[in-house]
1. Binning at 10 Å from 0, report for the stretch 100-200 what percent of all alpha-carbon pair distances ends up in each bin.
2. Run the numbers for residue 145 and residue 172: contour at 0.36 nm per residue of separation, minus the present Cα-Cα distance, in nm.
3. What's the whole-number percent of alpha carbon pairs in the stretch 107-147 lying beyond 15 angstrom?
């Protein structure tokens, strides 16, 4: 039998016994006074007693389980043909003495050359005179397999030009507006261009 029903039955039984005793006394009093006990009064009292006991009873409540957080999807692994910078690459924030026009080149930039070849340019350090150190990563590019190369260069006006990289590539990056670089990548007589956006500081 449910616990709630058991708790309800005991008070009701006790109340009925009280009503029975009370009813007997009322009936005895009425007989002694020459009146007959009215059963409808006892029924009304019984109904009131049951209602009072029911109001005092509290139904069992089931504990509410804590909501479980949704699982976080793991990031998709990089494609083997993507441009991937070395994990040790770290950008050094330009010092206070570096002009804003030079400091704007600092950070990690990513985009596609000719709309299909992945490229990433990390401008690691920028000096007050516009000298930079950088790292460039490329994905599949014509006959070249994905790779990465370090280099250095200089900013002149709104254009960063790196010295020839170890793989023989020449890179220039022009900033037409803050947050955008137009990159030109020349290798083995072929020139590739694309728009890069800053993806990290």
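1. Percent of Cα pairs in each bin: 16, 56, 25, 3.
2. Working: separation 27, 0.36 × 27 = 9.72 nm, distance 2.08 nm.
Result: 7.6 nm gained on full extension.
3. On the way: 387 of 820 pairs.
Result: 47 percent of Cα pairs exceed 15 Å.
A short reminder: the numbers here are calculations on the coordinates, not readings from a lab. What you see is a predicted model, and the numbers here were worked out from it, not measured in a lab.
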